[in-house]
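Everything below concerns the one structure shown next.
The values are calculated or read from the model by the stated rules, or taken from the named source; none is laboratory data. Note that the structure is predicted; figures quoted are calculated from it, not measured. Every residue, glycine as well, gets a Cβ built from its backbone with ideal geometry; the counts of neighbours run over all protein chains shown.
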């Protein structure tokens, strides 16, 4: 079992952070490994929405579909792979720390199988590293675009 949780504080309002992060169209902009996101169901995002992602991880091209299983606007988003090589659940949460400062957490958990199982001992470390890069990137984008100067 892989279970990785990372977090960052973003000097930006909760509304801006959660709106940006919860929009799958933005994923290729802030996720280091994601190259594309394609809606398989009509917008807007809601429980049952399905989004196909293409990514590269551990040197391999991956294609998988996430289904939104929980969505509380401005608080929490949970999505699970509906199709793909590595059963995974990803959770985002957002919390106001103070005016214009939001804590965002990113949690990935799942059970690697097949090819991915070979890398299970290293998976948590590699995912933690990737998630930290992703959170640094979203922090940079949001603070540059919407943060206080």
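Numbers at a glance
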{"quantity": "Number of positions in the stretch 56-79 that are touching a residue at least 40 places away in the same chain (Cβ under 8 Å), farther than 30 Å from residue 12 by Cβ and not in a strand (DSSP E or B)", "calculated": "1"}
{"quantity": "Only listed residue being exposed (fewer than 15 other Cβ atoms within 10 Å of the Cβ) and modelled with pLDDT of 85 or more, chosen from 148, 140", "calculated": "140"}
{"quantity": "Number of positions in the stretch 1-34 that are at pLDDT below 95 and loosely packed, with under 15 Cβ neighbours inside 10 Å", "calculated": "2"}
{"quantity": "Evaluation of residue 97 against (1) at pLDDT 95 or above; (2) within 24 Å of residue 38 (Cα to Cα); (3) surrounded by fewer than 14 Cβ atoms within 10 Å (Cβ to Cβ) (one fails), failing number", "calculated": "(2)"}
{"quantity": "Scan of the stretch 38-55 for residues that are within 15 Å of the chain's Cα centre (by Cα) and either free of Cβ contacts under 8 Å to residues at least 12 places away in the same chain or closer than 28 Å to residue 97 by Cβ (or both), ordered by number", "calculated": "45"}
{"quantity": "So residue 46, is it over 19 Å from residue 107 (Cβ atoms) and surrounded by 17 or more Cβ atoms within 10 Å (Cβ to Cβ)", "calculated": "no"}
